[in-house]
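Student: Could you have a look at this structure, given as structure tokens, before my questions?
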Amino acid sequence: MPVINFNNRGVSHLQLAIGVSSTEIKIPWADFSQFINPQAIDGDTMWAVLRDPIVREIVKIDLANSNLNEATAFLKVERAQGGTTAQMWPAGTLIFLTTHADHYESLFQPDGTRQIDFNPNGVVSPLYRGEKILQYAGCGVRWWMSFDAVNPYWQLIAGEPCVDEEYIDTGFGFKVWIVAELECFRPYFDDTHWEPLDGNPTNGVFTGTLWESDFNLFLEDIGIWASGYRPSFCTIYRPEETLTALLRLYDTNGGLLNQISSKLIGPDGFTFEVNDGDDYFVDLGRLLMTSNGPISGKTQMSNLEFYDCVKQTAGNPFTTGYGGQMEVRDPDFNTARTAPSCDGFDWESRLQVGCQYRWWVGGDPKQYGFNRSWLVFDLSGITITEIDRVRLKLFQYAVSGGSSMVLQESSATFPITCSDWNNFSGPILADPEPMINGNQEIYLNQDGIDLIAANLGGEVWICMREFEADYSGIAPPYPPDAGGWASYNGNQWVPPPTLEVFGEI
Amino acid sequence: MAVFKFENNAKGNLENAIGAGDSSFSLEAGDGSLFPSISAGEQFKCVMIEGSKSEWMIVTDRAGDVFTVTRGASPLSFGAGASFELRMDVDILNLFFQKGSNRIVTTDPDGSLAADYFGEEVYNSINGRWWKNVSGTTWLQMGITD
């Protein structure tokens, strides 16, 4: 960091006259050593005064760019400083080093310490690197020190860390709480998440013969990724009983093969240093799965699917007259889209979703055709009380175009009729899902999970609509067959629509 | 206490005469702009000179050419045209933190040692711990505590 320099006996005279625009001053070589600093870096300065009995001019000596060669030595200066005016000075003019207001402004005065009532990290820009600032409230009394000259990066140098609980969704179907120093955890880190160290995802599909020795598949070292963008130290604590998740093994017919409980074990409390720009994986312990019954020998399984938490299924409730699809056609896009009721409905085996613009019958004008479908699930058998996630499983057997599908809540009741054409409301329940042939698994968003949770013990109605045209209100472009649609299995085809609820009982 | 501000060549002349009891005055038009701008918690020190008379004053507020001051220990009266200029003095120089000037103590200071100034840092040579003052005799140990 550049500094202001000073020397004793810094007095000399001009060896050559200078004009008002000169930026190089020559003084006798014998005096030169008092006006320079051979170790100077860019920005280092000294302040000097040129004066006669009446007039004076302050100049700033640029130490790093002055010429220190004896034969050609000169002082590089900026003229007319401190409110003075550049003058023409004759040879012999007195020049001497002086102190300057900047000198004193750069010195530390005790009462220059700032005091705040909040954590300065990410908020308070330092006045200089190394500034110390007192936090007198907000999370106890603490001293912070800046480790950047410009950006609001502060390190705790005195006082207790501010510890708080932080909720972490592991992303593996269970939740944990950790206790952490917030100043370290946020905003010191971002991109925090958990992941297994053995490379085997906790959720997945296992095909083949499962041996006892294969149960290392279910051992996961759990940690947390921290992307440090400022140096600090951090202590992360973990409650003694962090989690107890259940692992249930199902066969392809849904039969329960085994139930395995899990517990996170390992030391509690980790203090580690974080360096700027580095990523860290902090090992918080091992997720140990233990069986509630003997597991020995081998068990022949196929397409084994296992979960970290309880899975319950609300499926196959779709019967004739109890859900289905409707359609509307009209030459005008908005007339069709906002029609008060449907033109016809189909309670048979299939569901259709889409919006197309085409000739439907030879010789007739082109029309916009909309298809919407309704799903209904009986949730009365679900005993889960805390839902972690919800997955809708659909099977598409025909698709055209590149459209997507969205889900919304419906207040339809049995029996659904054409007057339910516009019976949907509220936020979308999952991200728009591209309509592609084959199995489709749609994870509901928080709005979707909340809807299911609100209807536990009863039934839930969901409307499926095409996204790009129907939901968004943008007409598909000409030519014929523009738009997209898809046909899904209804209740009479296998696999039927299924709603899977994961969570804790 | 407050932080002292500085400016080069800050000098002007009194517009009207003042008495020993006056705590505000004006300099001649335009002279005020040569002095620092200050906000709450800031001040600067000046001396007013007229002939053989002089008085140190601390400027606690400045609005254009109008100065609000804390008068010296023995305030004087000055006539129009008296010189008024910002100066450094020993009290200000003694305020500045000097390298190696931290006090060394032999017991942990929290609850017992009165700080010389807010934010002072002292070193306990017995157990090798640094302490930083919060206020009065309240101190926080620096670094990672046990």
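Every read-out reported here was derived from the displayed coordinates using simple, explicitly stated rules and does not represent laboratory data. This structure is a prediction, so every number in the text was calculated from the model and none was measured. Every residue, glycine as well, gets a Cβ built from its backbone with ideal geometry; the counts of neighbours run over all protein chains shown.
Student: Set the Förster distance to 60 Å, then compute FRET efficiency between A:GLU160 and B:ALA63 from the Cβ-Cβ distance, nearest 0.05. The partial results should precede the final answer.
Tutor: Values: r = 44 Å, r/R0 = 0.73.
Once rounded, the FRET efficiency stands at 0.85.
Student: Using alpha-carbon positions, what is the distance between the centroids of region A:434-454 and region B:12-55, in Å?
Tutor: 75 Å
Student: Then there's this: Calculated FRET efficiency, A:ASN7 and B:ASN124, Cβ-Cβ r, R0 45 Å, to nearest 0.05? Write out the running numbers ahead of the final one.
Tutor: Working: r = 37 Å, r/R0 = 0.83.
Computed FRET efficiency for A:ASN7 and B:ASN124 comes out at 0.75.
Student: Let me ask something else about it. Which residue, chosen from B:ASN8, B:THR70, B:LEU93, occupies the Cα position most advanced towards the positive end of the dipole of region B:3-93, where the dipole is computed from +1 (Lys, Arg) and -1 (Asp, Glu) charges on Cβ about the Cα centre?
Tutor: Most positive-ward Cα: B:LEU93.
Student: Mind checking the mean number of beta-carbon atoms from other chains within 10 Å of the Cβ atoms in A:101-108?
Tutor: The shielding value for this peptide is 6.
Student: A follow-up question, please. Report the gain in length on full extension from A:TRP360 to A:SER472: 0.36 nm times residue separation, minus Cα-Cα distance, nm rounded to one decimal.
Tutor: 38.0 nm
Student: Can you tally the net charge around B:LEU113? Count Lys and Arg as +1, Asp and Glu as -1, for every other residue whose Cβ sits under 10 Å from the Cβ of B:LEU113. Write out the running numbers ahead of the final one.
Tutor: Numbers: positive: B:ARG103; negative: B:ASP108, B:ASP110, B:ASP116, B:GLU120.
Residues close to B:LEU113 contribute a combined charge of -3.
Student: Given a Förster radius of 56 Å and the C-beta distance between A:GLN446 and A:ALA17 as r, what FRET efficiency does 1/(1 + (r/R0)^6) yield to the nearest 0.05?
Tutor: Here the calculated transfer efficiency is 0.10.
Student: Mind ordering A:366-375, B:63-72, A:68-77 by average Cβ neighbours within 10 Å, highest first? Before the final figure, lay out the partial values.
Tutor: Values: A:366-375: 23.1, B:63-72: 16.1, A:68-77: 14.5.
My ranking of the peptides, most packed first, is A:366-375, B:63-72, A:68-77.
Student: As an exercise, identify the trypsin sites (Lys or Arg not before Pro) in region B:73-146 lying in DSSP coil whose Cβ has no more than 11 other Cβ atoms within 10 Å.
Tutor: B:LYS99
Student: Here's a follow-up. Among A:MET464, A:MET46, A:MET88, which comes first, then next, by fewest other beta-carbon atoms within 10 Å?
Tutor: Values: A:MET464 28, A:MET46 25, A:MET88 11.
So the ranking, lowest neighbour count to highest, is A:MET88, A:MET46, A:MET464.
Student: To make sure I understand, if each residue's beta carbon is the centre and we count other beta carbons within 10 Å, what order do A:TYR471, A:TYR488 fall in, fewest to most?
Tutor: In increasing order of surrounding Cβ atoms, one gets A:TYR471, A:TYR488.
Student: Here is a further query. Near A:ALA86, within a Cβ-to-Cβ distance under 11 Å, what is the net charge of the other residues, with Lys and Arg +1 and Asp and Glu -1? Please list the in-between numbers first.
Tutor: Numbers: positive: A:ARG79; negative: A:GLU57, A:GLU78.
Here the count lands on -1.
Student: Here's another thing I want to ask about it. Extending each Cα 7 Å along its Cβ direction at A:THR383 and B:LEU76, get the distance between those two points in nm, one decimal.
Tutor: 9.8 nm
Student: While we're looking at this one, here's another question. Quick one: Karplus J couplings for region A:127-135, per residue in order, coefficients 6.51, -1.76, 1.60, θ = phi - 60°, nearest Hz, x for Gly and Pro?
Tutor: Rounded to whole hertz, the list is 7, 6, 5, x, 4, 10, 9, 9, 9.
Student: Looking only at region B:103-142, where both bridge partners belong to it, what percent of the DSSP beta bridges are antiparallel (to the nearest 5)?
Tutor: Taking every DSSP beta bridge with both residues in region B:103-142, the antiparallel ones total about 75 percent.
Student: Separate question: With the cut-off at 1.5 for a/c, could you classify region B:103-142 from its C-alpha gyration tensor as rounded, prolate or oblate?
Tutor: Details: a/c = 1.75, a/b = 1.65, b/c = 1.06.
Prolate, since a/c reaches 1.5 and a/b exceeds b/c.
Student: While we're here: Once fully extended, how much extra length lies between A:ASN437 and A:ASN422, figured as 0.36 nm per residue of separation less the alpha-carbon to alpha-carbon distance? Could you put the intermediate results ahead of the total?
Tutor: Working: separation 15, 0.36 × 15 = 5.40 nm, distance 2.68 nm.
Residue separation times 0.36 nm, minus the Cα-Cα distance, leaves 2.7 nm.
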